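One structure is given below, encoded as C-alpha coordinates.
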Amino acid sequence: MGIALSQNGKYMAIADDSGIPKVFDMHTRKPTQRRFRKKHSNLCMCVAFCCHFSTDLWTGGMDACQYQWDFTRALPMAKWAGQSMAATAASGGAIPMFNPPFVYSLAVHPNGRQVVAGLGTGAIRVLQWQSLPTPAPAPPVSSASKQPKGKSAKHKKPASTKPEEGWVEQLWLQDGHSYTVSALDYANDTGSYLVSGGLDGKLAIWEPNTPTASGEAPSEGSEAAVAAPFRLQKTAPTVFDKVECLVVVGPDPSENTGCQTTAAKADVTDQLGALSLGSARDSIIAVGGTAPGTNFSGRIALYQLQC
(Lines give C-alpha, C1' and ligand atoms only; values in the text may rest on other atoms or scores of the structure.)
Protein backbone atom coordinates (compact mmCIF):
# COMPACT_ATOMS: atom_id res chain seq x y z
CA MET A 1 0.00 0.00 0.00
CA GLY A 2 1.06 3.61 -0.50
CA ILE A 3 0.59 4.41 3.22
CA ALA A 4 1.63 2.34 6.25
CA LEU A 5 1.57 2.76 10.03
CA SER A 6 4.16 1.24 12.34
CA GLN A 7 2.86 -1.37 14.78
CA ASN A 8 3.25 0.99 17.75
CA GLY A 9 1.44 3.78 15.90
CA LYS A 10 4.35 6.20 16.27
CA TYR A 11 5.28 6.50 12.61
CA MET A 12 3.56 6.74 9.25
CA ALA A 13 5.34 6.02 5.97
CA ILE A 14 4.23 7.26 2.56
CA ALA A 15 5.31 6.05 -0.87
CA ASP A 16 6.13 9.11 -2.97
CA ASP A 17 6.19 9.69 -6.72
CA SER A 18 9.71 11.08 -6.37
CA GLY A 19 10.92 7.56 -5.56
CA ILE A 20 11.91 8.64 -2.05
CA PRO A 21 9.76 7.31 0.83
CA LYS A 22 8.75 9.73 3.56
CA VAL A 23 8.32 8.88 7.26
CA PHE A 24 6.29 11.09 9.59
CA ASP A 25 6.29 11.24 13.38
CA MET A 26 2.63 10.83 14.36
CA HIS A 27 3.17 12.80 17.58
CA THR A 28 4.60 15.93 15.97
CA ARG A 29 2.86 15.35 12.60
CA LYS A 30 6.12 16.31 10.92
CA PRO A 31 8.62 14.38 8.78
CA THR A 32 11.44 12.67 10.64
CA GLN A 33 14.70 14.59 10.58
CA ARG A 34 16.68 12.12 8.50
CA ARG A 35 16.08 12.28 4.75
CA PHE A 36 16.10 9.08 2.71
CA ARG A 37 18.52 8.65 -0.14
CA LYS A 38 17.03 8.33 -3.60
CA LYS A 39 17.36 4.64 -4.46
CA HIS A 40 14.25 3.98 -6.56
CA SER A 41 14.87 5.29 -10.07
CA ASN A 42 11.11 5.55 -10.67
CA LEU A 43 7.92 5.91 -8.61
CA CYS A 44 7.86 4.42 -5.11
CA MET A 45 4.56 2.49 -5.15
CA CYS A 46 4.24 0.82 -1.73
CA VAL A 47 5.64 0.81 1.80
CA ALA A 48 5.37 -1.56 4.78
CA PHE A 49 6.76 -1.62 8.32
CA CYS A 50 8.11 -4.83 9.86
CA CYS A 51 6.91 -5.68 13.37
CA HIS A 52 9.74 -8.15 14.12
CA PHE A 53 12.46 -5.61 13.38
CA SER A 54 11.22 -2.30 14.77
CA THR A 55 13.53 -0.17 12.61
CA ASP A 56 12.74 -1.89 9.30
CA LEU A 57 10.80 -0.26 6.48
CA TRP A 58 10.17 -1.97 3.13
CA THR A 59 9.54 -0.15 -0.14
CA GLY A 60 8.73 -1.25 -3.68
CA GLY A 61 8.71 0.71 -6.89
CA MET A 62 8.17 1.03 -10.61
CA ASP A 63 11.87 0.33 -11.16
CA ALA A 64 11.19 -3.36 -10.31
CA CYS A 65 13.20 -2.96 -7.09
CA GLN A 66 12.34 -3.80 -3.48
CA TYR A 67 14.37 -2.21 -0.67
CA GLN A 68 14.77 -2.91 3.02
CA TRP A 69 15.58 0.25 5.02
CA ASP A 70 16.60 1.20 8.54
CA PHE A 71 14.17 4.12 8.68
CA THR A 72 15.68 5.49 11.92
CA ARG A 73 18.88 6.22 9.98
CA ALA A 74 17.26 6.49 6.52
CA LEU A 75 19.78 3.98 5.18
CA PRO A 76 19.15 1.12 2.70
CA MET A 77 20.08 -2.30 4.06
CA ALA A 78 19.26 -4.68 1.20
CA LYS A 79 17.82 -4.75 -2.30
CA TRP A 80 15.94 -7.26 -4.43
CA ALA A 81 15.37 -6.58 -8.10
CA GLY A 82 14.20 -8.07 -11.36
CA GLN A 83 12.71 -11.47 -12.00
CA SER A 84 12.83 -14.91 -10.47
CA MET A 85 15.97 -16.94 -11.14
CA ALA A 86 14.16 -19.13 -13.70
CA ALA A 87 12.76 -16.14 -15.61
CA THR A 88 16.12 -14.36 -15.52
CA ALA A 89 17.86 -17.38 -17.02
CA ALA A 90 15.22 -17.66 -19.76
CA SER A 91 15.45 -13.97 -20.71
CA GLY A 92 19.23 -13.65 -20.43
CA GLY A 93 18.87 -11.19 -17.57
CA ALA A 94 16.74 -8.65 -19.44
CA ILE A 95 13.59 -7.20 -17.83
CA PRO A 96 10.56 -7.95 -20.06
CA MET A 97 8.94 -5.04 -21.90
CA PHE A 98 5.39 -6.26 -21.27
CA ASN A 99 4.23 -6.84 -17.68
CA PRO A 100 7.64 -6.13 -16.10
CA PRO A 101 8.07 -7.15 -12.44
CA PHE A 102 7.33 -3.72 -10.99
CA VAL A 103 6.59 -3.92 -7.25
CA TYR A 104 3.00 -2.75 -6.70
CA SER A 105 2.18 -4.08 -3.22
CA LEU A 106 3.85 -5.33 -0.03
CA ALA A 107 2.72 -7.20 3.08
CA VAL A 108 4.59 -8.39 6.17
CA HIS A 109 3.68 -11.57 8.05
CA PRO A 110 2.29 -10.91 11.58
CA ASN A 111 5.42 -12.48 13.09
CA GLY A 112 7.62 -10.17 11.01
CA ARG A 113 9.75 -12.97 9.56
CA GLN A 114 8.24 -13.07 6.08
CA VAL A 115 7.66 -10.36 3.46
CA VAL A 116 5.63 -10.76 0.25
CA ALA A 117 5.64 -8.44 -2.77
CA GLY A 118 2.99 -8.27 -5.50
CA LEU A 119 4.55 -7.84 -8.93
CA GLY A 120 3.45 -6.56 -12.32
CA THR A 121 3.90 -10.02 -13.80
CA GLY A 122 1.06 -11.42 -11.67
CA ALA A 123 3.54 -13.27 -9.44
CA ILE A 124 4.29 -12.82 -5.72
CA ARG A 125 7.86 -12.66 -4.41
CA VAL A 126 8.38 -14.23 -0.96
CA LEU A 127 11.28 -13.39 1.35
CA GLN A 128 11.84 -15.44 4.50
CA TRP A 129 14.02 -14.59 7.51
CA GLN A 130 15.91 -17.80 8.23
CA SER A 131 19.31 -19.34 8.87
CA LEU A 132 21.75 -18.77 6.05
CA PRO A 133 23.63 -21.67 4.45
CA THR A 134 26.65 -22.63 6.54
CA PRO A 135 29.90 -21.70 4.75
CA ALA A 136 32.51 -24.37 4.15
CA PRO A 137 35.06 -24.56 7.00
CA ALA A 138 38.46 -23.04 6.35
CA PRO A 139 41.35 -25.49 5.89
CA PRO A 140 43.43 -26.06 9.05
CA VAL A 141 46.63 -24.07 9.46
CA SER A 142 49.54 -26.43 9.89
CA SER A 143 52.39 -23.99 10.34
CA ALA A 144 53.09 -22.88 13.89
CA SER A 145 54.15 -19.49 12.56
CA LYS A 146 50.57 -18.86 11.47
CA GLN A 147 49.23 -19.15 14.99
CA PRO A 148 48.54 -15.86 16.83
CA LYS A 149 51.07 -14.93 19.48
CA GLY A 150 51.29 -12.50 22.37
CA LYS A 151 48.35 -10.16 22.98
CA SER A 152 46.52 -11.19 19.81
CA ALA A 153 46.46 -14.76 21.08
CA LYS A 154 45.14 -13.76 24.49
CA HIS A 155 42.30 -11.61 23.13
CA LYS A 156 41.30 -13.74 20.19
CA LYS A 157 37.59 -14.65 20.48
CA PRO A 158 36.41 -18.13 19.57
CA ALA A 159 34.34 -18.43 16.40
CA SER A 160 30.60 -18.27 17.01
CA THR A 161 28.71 -21.52 16.52
CA LYS A 162 25.34 -19.76 16.18
CA PRO A 163 24.15 -19.85 12.54
CA GLU A 164 23.78 -16.50 10.84
CA GLU A 165 20.30 -15.40 9.82
CA GLY A 166 19.12 -13.28 6.93
CA TRP A 167 16.45 -12.74 4.29
CA VAL A 168 16.29 -15.59 1.77
CA GLU A 169 14.19 -15.44 -1.40
CA GLN A 170 11.76 -18.35 -1.78
CA LEU A 171 10.11 -19.73 -4.91
CA TRP A 172 7.66 -17.19 -6.31
CA LEU A 173 3.91 -17.76 -6.11
CA GLN A 174 2.51 -18.12 -9.63
CA ASP A 175 -0.80 -18.62 -11.48
CA GLY A 176 -3.00 -16.71 -9.04
CA HIS A 177 -3.38 -13.67 -11.29
CA SER A 178 -3.09 -12.99 -15.00
CA TYR A 179 -2.03 -9.39 -14.39
CA THR A 180 -0.55 -7.11 -11.73
CA VAL A 181 -0.90 -8.13 -8.05
CA SER A 182 -2.07 -4.80 -6.66
CA ALA A 183 -2.94 -5.75 -3.06
CA LEU A 184 -1.80 -8.25 -0.40
CA ASP A 185 -2.71 -9.05 3.19
CA TYR A 186 -2.41 -11.93 5.63
CA ALA A 187 -5.56 -13.43 7.15
CA ASN A 188 -5.93 -13.32 10.96
CA ASP A 189 -3.21 -12.72 13.55
CA THR A 190 -1.40 -15.98 12.76
CA GLY A 191 -0.99 -15.17 9.07
CA SER A 192 -1.95 -18.71 8.14
CA TYR A 193 -3.53 -17.59 4.86
CA LEU A 194 -2.41 -15.03 2.32
CA VAL A 195 -4.97 -13.04 0.31
CA SER A 196 -4.04 -11.27 -2.93
CA GLY A 197 -5.98 -9.01 -5.26
CA GLY A 198 -5.10 -8.12 -8.81
CA LEU A 199 -5.80 -5.74 -11.66
CA ASP A 200 -7.52 -8.72 -13.30
CA GLY A 201 -10.39 -8.10 -10.86
CA LYS A 202 -9.84 -11.34 -8.92
CA LEU A 203 -9.06 -12.41 -5.39
CA ALA A 204 -6.71 -15.32 -4.72
CA ILE A 205 -6.40 -17.30 -1.50
CA TRP A 206 -3.07 -18.95 -0.74
CA GLU A 207 -2.84 -21.68 1.91
CA PRO A 208 0.28 -22.96 3.69
CA ASN A 209 2.41 -25.32 1.66
CA THR A 210 5.45 -25.60 3.95
CA PRO A 211 6.39 -24.59 7.51
CA THR A 212 7.71 -21.36 5.94
CA ALA A 213 4.13 -20.18 5.36
CA SER A 214 3.49 -20.06 9.09
CA GLY A 215 6.67 -18.09 9.64
CA GLU A 216 8.84 -21.08 10.60
CA ALA A 217 11.78 -21.61 8.27
CA PRO A 218 12.29 -25.17 6.94
CA SER A 219 15.48 -27.03 7.69
CA GLU A 220 18.26 -26.69 5.16
CA GLY A 221 18.20 -29.35 2.45
CA SER A 222 14.66 -30.54 3.19
CA GLU A 223 11.96 -30.77 0.52
CA ALA A 224 10.17 -27.85 2.18
CA ALA A 225 13.26 -25.71 1.67
CA VAL A 226 12.87 -25.86 -2.14
CA ALA A 227 9.05 -25.63 -2.30
CA ALA A 228 6.96 -22.47 -2.57
CA PRO A 229 5.75 -21.51 0.92
CA PHE A 230 2.11 -21.19 -0.20
CA ARG A 231 -0.07 -23.02 -2.70
CA LEU A 232 -3.05 -21.55 -4.50
CA GLN A 233 -6.30 -22.68 -2.90
CA LYS A 234 -8.68 -20.90 -5.28
CA THR A 235 -9.43 -17.67 -7.10
CA ALA A 236 -12.73 -15.86 -7.51
CA PRO A 237 -13.90 -12.76 -9.38
CA THR A 238 -15.01 -9.63 -7.53
CA VAL A 239 -17.54 -6.99 -8.49
CA PHE A 240 -14.66 -4.80 -9.67
CA ASP A 241 -12.84 -4.74 -12.98
CA LYS A 242 -9.64 -3.98 -11.06
CA VAL A 243 -8.84 -4.60 -7.39
CA GLU A 244 -6.87 -1.61 -6.12
CA CYS A 245 -6.61 -2.39 -2.39
CA LEU A 246 -7.76 -4.89 0.23
CA VAL A 247 -7.50 -5.60 3.93
CA VAL A 248 -8.44 -8.72 5.87
CA VAL A 249 -10.19 -8.03 9.17
CA GLY A 250 -11.72 -10.28 11.80
CA PRO A 251 -13.53 -10.09 15.16
CA ASP A 252 -11.76 -9.64 18.47
CA PRO A 253 -10.84 -13.22 19.47
CA SER A 254 -11.50 -12.35 23.13
CA GLU A 255 -15.17 -11.64 22.42
CA ASN A 256 -18.03 -13.95 21.54
CA THR A 257 -19.12 -12.61 18.15
CA GLY A 258 -21.16 -15.52 16.86
CA CYS A 259 -24.39 -13.53 16.49
CA GLN A 260 -22.61 -10.54 14.99
CA THR A 261 -20.84 -12.75 12.50
CA THR A 262 -24.13 -14.32 11.43
CA ALA A 263 -25.69 -10.90 10.93
CA ALA A 264 -22.68 -9.71 9.00
CA LYS A 265 -22.86 -12.78 6.80
CA ALA A 266 -26.51 -12.06 5.99
CA ASP A 267 -25.71 -8.45 5.08
CA VAL A 268 -22.86 -9.49 2.82
CA THR A 269 -25.00 -12.15 1.16
CA ASP A 270 -27.82 -9.71 0.46
CA GLN A 271 -25.57 -7.00 -0.96
CA LEU A 272 -22.74 -8.71 -2.77
CA GLY A 273 -23.05 -12.46 -2.35
CA ALA A 274 -21.10 -14.42 0.25
CA LEU A 275 -17.80 -15.70 -1.06
CA SER A 276 -16.46 -18.98 0.28
CA LEU A 277 -12.72 -18.88 -0.24
CA GLY A 278 -10.92 -20.51 2.63
CA SER A 279 -10.85 -21.54 6.25
CA ALA A 280 -9.77 -18.38 8.05
CA ARG A 281 -12.80 -18.42 10.33
CA ASP A 282 -14.91 -15.26 10.69
CA SER A 283 -12.58 -13.07 8.62
CA ILE A 284 -13.85 -10.41 6.22
CA ILE A 285 -12.01 -9.19 3.12
CA ALA A 286 -12.69 -5.50 2.49
CA VAL A 287 -11.94 -4.73 -1.16
CA GLY A 288 -11.68 -1.43 -3.01
CA GLY A 289 -11.50 -1.19 -6.77
CA THR A 290 -12.75 0.33 -9.99
CA ALA A 291 -15.81 -0.76 -11.95
CA PRO A 292 -16.65 1.78 -14.69
CA GLY A 293 -20.28 1.90 -15.71
CA THR A 294 -21.57 0.22 -12.54
CA ASN A 295 -22.88 1.44 -9.19
CA PHE A 296 -19.93 -0.24 -7.41
CA SER A 297 -17.45 2.53 -8.22
CA GLY A 298 -16.37 4.34 -5.07
CA ARG A 299 -17.69 1.57 -2.81
CA ILE A 300 -16.02 -1.04 -0.62
CA ALA A 301 -17.04 -4.65 -1.25
CA LEU A 302 -17.05 -7.11 1.64
CA TYR A 303 -16.40 -10.83 1.23
CA GLN A 304 -16.40 -13.40 4.01
CA LEU A 305 -13.83 -16.11 4.40
CA GLN A 306 -15.99 -19.10 5.33
CA CYS A 307 -14.92 -22.48 6.72
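The values are calculated or read from the model by the stated rules, or taken from the named source; none is laboratory data. Keep in mind that this is a model prediction, so the values were computed, not measured. Note that each Cβ is placed from the backbone with ideal geometry, even for glycine, and that neighbours are counted across all protein chains shown.
Has segment 104-117 got any residue that is under 30 Å from ASP25 (Cβ atoms), out of contact with any Ser or Thr (no Cβ under 7 Å at 6 or more places or on another chain), modelled with pLDDT of 70 or more and aromatic (Phe, Trp, Tyr)?
No, segment 104-117 contains no residue that is under 30 Å from ASP25 (Cβ atoms), out of contact with any Ser or Thr (no Cβ under 7 Å at 6 or more places or on another chain), modelled with pLDDT of 70 or more and aromatic (Phe, Trp, Tyr).
Name the one entry in ALA78, ALA89, ALA64 that is at pLDDT 90 or above, farther than 20 Å from TYR186 by Cα and surrounded by fewer than 22 Cβ atoms within 10 Å (Cβ to Cβ).
ALA78
Determine if segment 28-39 includes at least one residue that is surrounded by 15 or more Cβ atoms within 10 Å (Cβ to Cβ) and part of a strand (DSSP E or B).
Taking segment 28-39 first, the residues surrounded by 15 or more Cβ atoms within 10 Å (Cβ to Cβ) are 32, 36, 39.
Subset that is part of a strand (DSSP E or B): none.
Looking through segment 28-39, none of the residues is surrounded by 15 or more Cβ atoms within 10 Å (Cβ to Cβ) and part of a strand (DSSP E or B).
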